[in-house]
Structures are given as structure tokens and as C-alpha cells.
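Enquirer: Just dropping this structure here.
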Amino acid sequence: MAETARVREILAAVKPLAAEFYRLTGKPLGVTGEIAEYVAAELFGLELTPARQAGFDAIRRSDDGKEQRIQIKGRAFDSKKSQRIGTIKPGAECDVVLLVLMSNKTLEPREILEANYTEVCELLKRGGKARERGSLGVGEFRRIAKAVWTARSN
């Protein structure tokens, strides 16, 4: 798996650069989604789908052969209440949404939350301009999700 080792090397180089870019400009470099996908795949043994797959980013296969389609969202998080996660589109062929919360100083994962996609879509239907655009706050997502991994658990 030389390919996996190389991806780890690239991420190890990109994370500090992205964190420094954010410190200097106040803007994200735009790699949190890719980092989140890779982290989730590594931690949970997920199979990442090809780029631009409509509706989901990974597949989880159970021991009995069932598949779950997973949308993965990443957020460099600094505990501000107003922080939002990326757009979740209703009507996608998806079963689960994973939210990978990372330190905005290092882009290392701190916590991973999991919510049922149907519940996420129900919450989005409850109104508000941001929700109409498919956007939820981290706190809103946390209320319907369960923590499936924390940095302290490893």
C-alpha cells in the first residue's frame, strides 16, 4: 500500500500549510473536505467513492454484506456557536452523514459525529434561510447526531 503511505505524507505536509494559511488570512485553504474524507475512511474502514459522486462520499460494508452510503462533511472548528457545516442536499441517495470536526489550528480530527440522513433532511425542512440552502450549524447537527469517535478515545 505505497499509495496509502504517500497520501499520509501529502496530508502531513498539507495540514500545517492549511492551518498557517488560515492563521495568516482568516480564510480556509479549501482542503478540509478532502482531509475529513480520508480521516473517516481510515478510522472506519470506509471505501471512498470517486470524486464528484452524487449524494455520498463513501460506502460502509457490514459483515453481512449490507452497504451504507455515507456523506462526509468536514469542519475546522473553533467552538464558535455560529459555525456551519457544508451543504447537505435533500433527496440524495444517502443513508448517513458523518461530520468530522477538526482543530482549526492543526486540522487534526477532534471528534466525529454521525446522524441518520433522513433525520438531517427533516431538520433542514424546519425552515430558515440557511436550512433552505441545506446548511446546518454544528450545534444543530450535534443535537441529532451521536459521537462515534473522539480524539480522547484513541
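The values are calculated or read from the model by the stated rules, or taken from the named source; none is laboratory data. Every value quoted in this text rests on a predicted model; they were computed, and no experiment measured them. Here the Cβ is made from the backbone with ideal geometry for all residues, glycine too, and neighbour counts use every protein chain on show.
Each row is one residue, and each column tells you yes or no for (1) assigned to a loop (DSSP other than H, G, I, E, B); (2) within 16 Å of the chain's Cα centre (by Cα).
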{"position": "I10", "(1), (2)": "no, no"}
{"position": "L17", "(1), (2)": "no, no"}
{"position": "Y22", "(1), (2)": "no, no"}
{"position": "K27", "(1), (2)": "yes, no"}
{"position": "A36", "(1), (2)": "no, yes"}
{"position": "V39", "(1), (2)": "no, yes"}
{"position": "G55", "(1), (2)": "yes, yes"}
{"position": "D63", "(1), (2)": "yes, no"}
{"position": "C94", "(1), (2)": "yes, yes"}
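Enquirer: Hey, another quick one. Quick one: in the stretch 88-103, which of the residues that are more than 14 Å from T49 (Cβ to Cβ) and surrounded by 17 or more Cβ atoms within 10 Å (Cβ to Cβ) is modelled with the lowest pLDDT?
Expert: Among them, the one singled out is I88.
Enquirer: Show the residue pairs that are 6+ apart or on different chains and have beta-carbon atoms under 7 Å apart, the first residue being within the stretch 103-129 and more than 23 Å from V14 (Cβ to Cβ), the second being among the polar types (S, T, N, Q).
Expert: Y117/Q71
Enquirer: All but one of (1) closer than 16 Å to E37 by Cα; (2) at pLDDT below 95; (3) surrounded by 20 or more Cβ atoms within 10 Å (Cβ to Cβ) hold for E108, so report the exception by its number.
Expert: Condition (3) is where E108 drops out.
Enquirer: Would you check which residues across the stretch 24-49 are out of contact with any helix residue (DSSP H, G or I) (no Cβ under 9 Å at 6 or more places or on another chain), surrounded by 19 or more Cβ atoms within 10 Å (Cβ to Cβ) and not aliphatic (A, V, I, L, M) and list them?
Expert: Scanning the stretch 24-49 gives a single hit, E37.
Enquirer: Can you spot a residue in the stretch 70-77 that is surrounded by 14 or more Cβ atoms within 10 Å (Cβ to Cβ), touching a Cys at 6+ places or on another chain (Cβ under 8 Å) and under 21 Å from T150 (Cβ atoms)?
Expert: Yes, the conditions are met somewhere in the stretch 70-77.
Enquirer: Between a residue in the stretch 4-19 that is in contact (Cβ under 8 Å) with a residue 40 or more places away in the chain and surrounded by 15 or more Cβ atoms within 10 Å (Cβ to Cβ) and any residue that is not in a helix (DSSP H, G or I) and not hydrophobic (A, V, I, L, M, F, W, C), which pairs come within a Cβ distance under 6 Å, given they are 6 or more apart or on different chains?
Expert: These pairs meet every condition: A19/K105; A19/T106.
Enquirer: Taking A151 as the residue in question, decide whether it is at pLDDT 90 or above and surrounded by fewer than 20 Cβ atoms within 10 Å (Cβ to Cβ).
Expert: yes
Enquirer: Can you tell me which residue is surrounded by the most Cβ atoms within 10 Å (Cβ to Cβ) among those in the stretch 125-139 that are at pLDDT below 90 and in a helix (DSSP H, G or I)?
Expert: Residue satisfying both the conditions and the ranking: R131.
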